[in-house]
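The values are calculated or read from the model by the stated rules, or taken from the named source; none is laboratory data. It should be emphasised that the depicted structure is a prediction, and the values quoted were computed from it without experimental measurement. Here the Cβ positions follow ideal geometry from the backbone for every residue, glycine too, while neighbour counts run over all protein chains shown.
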Amino acid sequence: MRKILIVDDEPNIVMSLEYTFKKNNFEVFIARDGQEALDILQKQLPDIIILDVMMPMVDGFATLEQIKKDERLQNCKVIFLSAKNKEKDIEKGLSLGANLYVVKPFSVKKLVEQVHDLLQ
Amino acid sequence: MSSIGLLIILALYVSILFYVAHWAEKRSHSKWTNNPYIYSFSLAVYCTAWTYYGSIGLAANSGLSYLPIYVGPIIIIPTWMIILKRIIRISRVNKISSIADFISLRYGNSRFLGALVTMICIFGIVPYIALQLKSISDTFHIVTKTQSSSNIFNDTTTYVCLALALFASYYGTRYVDASEKKRGIVTAVAIESILKLVFFLIIGIYVTYFVFDGFGDIYNQASVLENFHKKNTIGGLSESINWFFLCVLSMFAIFLLPRQFHTSIIENNKETHIRTAIWLFPLYLLLFNVFVFPIAWGGNILFQGKGFNSDTYSLLIPQFYNKNYLTVLVFLGGFSAAISMIIVSSIALATMLSNNLLIPYGFIGSLENSSQEKNSKRILNSRKIGIFLLIILAYAIYKIFALEYSLVSIGLVAFVIIAQLAPAFFGALFWKRGSKNGAVTGIIIGFAICCYTLLAPYAIGITKSTSLFIQEGPWGISLLKPFQLFGLDYLDPIPHAVFWSLLLNMMSYAAISVSFRGNYRERNYAEMFVDIDKYITNHENAFVWKGTAYITDIQKVLQRFLGEERTKRALTIFNLKYNIDKNITTADARFIKFAENLLTGHIGTASAKILISSVIKEDKISLPEVLRILEESKENIIINKKLTDTSNELKQISEQLKNANQELIDKDIQKDEFLDTVTHELRTPITAIRAASEILHDDEDIPEELKKRFLQNIISESDRLNRLIDKILDLEKFETGKQKLYLSKNNISKTIKSTVESVKQLILNKNITIEFLQSNLEIKAFYDEERLIQVIHNLLSNAIKFSAESDGKITISITENAQEVEVQIHNNGKGIKEEDFEAIFDKFYQSRNQNVKKPIGSGLGLAICKQIIEHHKGKIWAKRTTETGATFIFTLPNYNTTESTER
C-alpha cells in the first residue's frame, strides 16, 4: 500500500483529501504544519507528500528544504498545494525540488491522477 | 619684605606669564585658548590698577562715586548682542586692526582722520600707562617699605618697564597682519584677569571677615566717622547728573578704549563668544566691586587721621597686621592689573601708530619698491619700536611729571579724551549721512574743549585752586571759567568736561555732516557699515569703483607685502568666490576692494588705499551715481537672496515629492501584500468548498454520515467566506474614510455587559469564568455603540479563544480620568509573543502560536478594532506585562473633553 502524507492547516481541506486518498487505497498520514510533518517523517517514509505553503510556524517552503536534506527521503515525491498562484511562487516551489505545484482551488479527481502519474 | 625677595617673586610671576603666552601661542587653535571664557576674561583688561587700587581710594575719600565706572558698562553690555556683533562683522570683513582703522575706513579711507584718531588715543592713553607704572612703583615701595629713588638704574620700575616692553613687542608683533589673532597675549591677559579678581576677593574677605566682623561691623564702625552719610548718598539733582555723565562716559569707554576695542573686536574669534561675555563680564565687574566698600571704609577706620594714601589701603591693611604673604598676593594682583593694561594698550597703540600714522605719512614711499621680506621686517620693526617707544614715553611721563594726581582722576581724564571719538564712532554704525569733515571737526572741537576744561586746569595744577584762571576765568571773563563754562556751575570737573565737549562735538559732527555732503567713497562705506548684515558674505560687491585697472599691476603691489605664494593663493580664492575666469586681465571694483583688504591688516586702511590707487586709474563718480550703483547692487543682493530662497524652496518641494513618492511605493507594496493575503484567504474556503462538492458530486457510494459532514463543511466555509468579505469591506470603508460614526452619549459599562451577554454561550462552552470589575460604575462617553460592540466583541472572542484551556478566566475593568476612559480586557492564556506586539494590529496578521488549532479568525478583527477606536480619537494596544496572559486596552476620550470640543 502506498503511503501519502498530507500537510495542511485547513481541517476541511484535509478532510476531503484524506477521504479521497483513503478511497484510492493510500495509507494516509496527516500533519497540521511543517513541524508536525517533519516529526511524522522521522518515523514514516511516505511515497508522496502533499504540502501546503502558507502554514503557521514552519511553512511549506521551509519544510521542503528540511526534507531535501534527509537522505532517506530522496525518493519521496512532493506536491505543493497552495493558494499562492503567482509565477514567482510556483518557480520558487519547483526550484526547491518539488515535483509538482498545484494551485488552490484544485480538482480532487485531477490531483489523484497527478499523484498516480508521479508514482508510476 | 626685602626688595630682592619681591623682585624674585616678580620675575617668577612674569616668567610664568611668558610661559602661558608661549604655550597658548603654540596651541592657538585648541579649545583651551579658543573659548568664550578666555574671551570674556580678556575683556576684564578694563579693570586696571585704577580699579584695583584707585576705586578703594575713591570710595574712601568720596563714597559712592567709584561706582558709575562699572555701572555704565553693565548697563550697556546687553546691547553688545547687536552693536558689538555689528562692529565685529565690519572689522572682520574689512580686516580692520584698530579703532583708528575703523573710523578712518568708514569716513572714506581718510588718512587724516586715522592719524587724528591715533593721536587722540596716544594722547589719552600714554599718561594712563604712566599711571599704571606709577602704581607698580608706589605699591612696590609700600610692600618693601623703601623709598623710590630718582636714579633710574636703582628704580625697579625701569626693569619692569623693560621686561614688559620686551614681552609686548615680542608677542604683540608676531604677525605682519595686525588683524591676526594673538592668542598668546589674550590668554595671558585672561589668566591675569582671573588672578587679579581672586587676589582682590581674598583681601576683601580677609578685611571683611578676619580684620572686621562682617559687612555690618564695618558699616557700624564707619557710620560714626565724619561725613560718612554725606559721602554715601547721592545728594540731589546735581549729584545725579554727575552720576549720569560718569555712567555715559564709561559706556563709551567700554567700546572706545583702544585696549577694549582690541580685546573685544580684534581678538574676537567667534561671534557666539559674545553670548558668554554679556553675562560673565558684568558678573566679573560686580564681583570686583563687592569688597571695594568694606576695604575702603575698613581702611578709614583703621588709619583714621594718619594721612595714608587711601589708594593703597588694600596693601596697608595686611601689612598693618603683618600678613606678608597677603600683602604680596595683593601686590601681584595689582601688578597683573597694571601690566595687562600696559601690554594690550601698547600693542593697540603701536598698531595704530604704525598703520595710521607712520606708514601713511612716513615710509609708505619706501615700502612701494622693496621686496616682501624687507617690507614685512620693516613693518614689524616699526611696531616693535612703537611699543617700546610708547612704554618708554609713559615711563618718562611717570618719571618727569611724577604724577601727583590720584589714579582715578587721570584715568577719568583719559576716558574723557577717548570719549571724543564717540560721535564719529557710533555715527559710523548707525548714520549714513555722517561725513569725514563732520567727524574731523567734531573730534577737534571736542578735544579742544577737553583741553580747556580739563587738561589746562590740570596742567596748571588743580591743587592751586587760587589760580586766577580757574577762579575768575581768562581775562576775568567769568563765563569762560574752565570748570563753570557758560555759567554751568553745578557739575564736577569731569562730568562738566564730558557735557560740554561731547555736546559741542556731537553738534558740530551733525551740523557739518548735514550741511556738506561727503564724497562718494564715504557714502559707499557708510552703506557698507550701516547695512553690514546685508553685505556680510560678499561685501566686495558693495564697493563702488569705476576706472581702469590691471590685475597684474595690483598683483605686483600685493606681492610686496604678502609674498608671491600668498598672493597667488588669495587670487585663486577670489576667482573661485566670484566665479571669475582667471584669464581676465582687468580688475573690477570687487577685486580692488579685495586687494585693499589684503593690505589693510599689514599697513592700515589709508595706506592700503594709497598703494592700490597708485597703480590704478580711477574715474570720478558723482554721488548720485554711487547711490544708483549701490541701489542696484542692493537689488542684486535681494534678487540673489530671492533666487537662493526659491532654490531652497524647490529643494524642499523636491524632497517632499521624493518622500511622497516613497510613501506611494511603500503603500503600493502594502497594497500588493494585502491583495495577496486577501486572495489567499478567499481561496482557502473556496478550495474547501470545491473539494467537498467534487467528492459529493462524483462519489455515489459515500456513507450518509460523511455526506452530511461534507455538506456541513460547505456551509461553514461559505459562511466564513461571507464574513471575510464583510470585514474586508468594513475595513476598506474605514480606511477610505467612507465609514460614518454615529456618536451618541452611552454608558460604557452597559455596552460591555450586553456584549458579554451575547458571547455567553461561548464562555459557557469553554467553562471560562468572567470577572467584570467596577461593573456598576456609570461611566459615560460619546461613541457609536454598534461599532464599539464590534470592538468589544472582537476582543472578547480573542480572549475566549486564547484563554487557558482549563480554568480559563477573563477580567474586564474600566477606569476613568480627566482625559479618557480606559477599558482593559485580560485573559489568562498563553500571552502575546514579543515578536507579535508590533504587528498584531496589522491586517491579516495571525500569530504563529496558534498552531494548536487553527482559530476561526479572519486576521482582520484587530485591524478593524484599531480603525474603529482611532476613528473615535482613542487608542488601542496590547500591554506588555509580567503576569501571564494577554491584556488588550483601549481608550476613548472622556465624555467631558469630547463634549467641550464638540461645542
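Computed values, structure above
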{"quantity": "Considering residues of segment B:544-568 that are touching a helix residue (DSSP H, G or I) at 6+ places or on another chain (Cβ under 8 Å) and either β-branched (Val, Ile, Thr) or at pLDDT below 80 (or both) only, the residue farthest from B:Thr600 (Cα to Cα)", "calculated": "B:Lys546"}
{"quantity": "Subset of segment B:665-691 [facing another protein chain (nearest Cβ under 10 Å) and within 14 Å of B:Asp842 (Cα to Cα)]", "calculated": "B:Thr677"}
{"quantity": "Selection from segment B:109-133 of residues that are in contact with a Phe, Trp or Tyr (Cβ under 7 Å, 6 or more places away or on another chain) and closer than 18 Å to B:Ile444 by Cα", "calculated": "B:Leu113, B:Ala115, B:Ile120"}
{"quantity": "Segment B:76-107 - residue that is in a helix (DSSP H, G or I) and small (Gly, Ala, Ser) and, of those, surrounded by the fewest Cβ atoms within 10 Å (Cβ to Cβ)", "calculated": "B:Ser91"}
{"quantity": "Qualifying strands (runs of 3 or more DSSP E) (wholly inside segment B:740-817; at least 1 residues being farther than 23 Å from B:Ala878 by Cβ)", "calculated": "B:744-747, B:780-783"}
{"quantity": "Selected residue [outside any helix (DSSP H, G or I), touching a residue at least 40 places away in the same chain (Cβ under 8 Å), among the β-branched types (Val, Ile, Thr) and in contact with a helix residue (DSSP H, G or I) (Cβ under 8 Å, 6 or more places away or on another chain)] from B:Val189, B:Val176", "calculated": "B:Val176"}
{"quantity": "Condition check for B:Thr687: of a type outside the set (Lys, Arg), part of a helix (DSSP H, G or I), closer than 30 Å to B:Lys546 by Cα and at pLDDT 80 or above", "calculated": "no"}
{"quantity": "Search result, residues across segment A:78-98 that are farther than 21 Å from B:Thr679 by Cα and either surrounded by fewer than 17 Cβ atoms within 10 Å (Cβ to Cβ) or within 14 Å of another protein chain (Cβ to nearest Cβ) (or both)", "calculated": "A:Leu94, A:Ser95, A:Gly97"}
{"quantity": "Selected residue [in a helix (DSSP H, G or I), surrounded by 20 or more Cβ atoms within 10 Å (Cβ to Cβ), among the hydrophobic types (A, V, I, L, M, F, W, C) and away from chain B (no Cβ under 14 Å)] from A:Ile67, A:Ile40", "calculated": "A:Ile67"}
{"quantity": "Scope segment A:1-34; condition surrounded by 17 or more Cβ atoms within 10 Å (Cβ to Cβ) and either more than 13 Å from chain B (Cβ to nearest Cβ) or among the polar types (S, T, N, Q) (or both); matching residues", "calculated": "A:Ile4, A:Leu5, A:Asn12, A:Ser16, A:Thr20, A:Phe26, A:Val28, A:Phe29, A:Ile30"}
{"quantity": "Leading residue by the ranking (surrounded by the most Cβ atoms within 10 Å (Cβ to Cβ)) among those in segment A:51-61 that are out of contact with any Gly (no Cβ under 6 Å at 6 or more places or on another chain) and away from chain B (no Cβ under 12 Å)", "calculated": "A:Gly60"}
{"quantity": "Matching residues, segment B:692-732, being within 11 Å of another protein chain (Cβ to nearest Cβ), surrounded by 14 or more Cβ atoms within 10 Å (Cβ to Cβ) and aliphatic (A, V, I, L, M)", "calculated": "B:Ala692, B:Ile695, B:Leu696, B:Ile702, B:Leu706, B:Ile714"}
{"quantity": "Some residue of segment B:100-112 being more than 29 Å from B:Asn289 (Cα to Cα) and either outside the structural domain of B:Asn289 (by TED's automatic domain parsing) or of a type in the set (Asp, Glu) (or both)", "calculated": "yes"}
{"quantity": "Residues that are part of a helix (DSSP H, G or I) and of a type in the set (Val, Ile, Thr), drawn from segment B:594-627", "calculated": "B:Thr600, B:Ile603, B:Thr605, B:Ile610, B:Ile612, B:Val615, B:Val626"}
{"quantity": "Any hit, segment B:361-375, residues being over 30 Å from B:Ala60 (Cβ atoms), small (Gly, Ala, Ser), free of Cβ contacts under 8 Å to residues at least 60 places away in the same chain and touching a Leu at 6+ places or on another chain (Cβ under 8 Å)", "calculated": "no"}
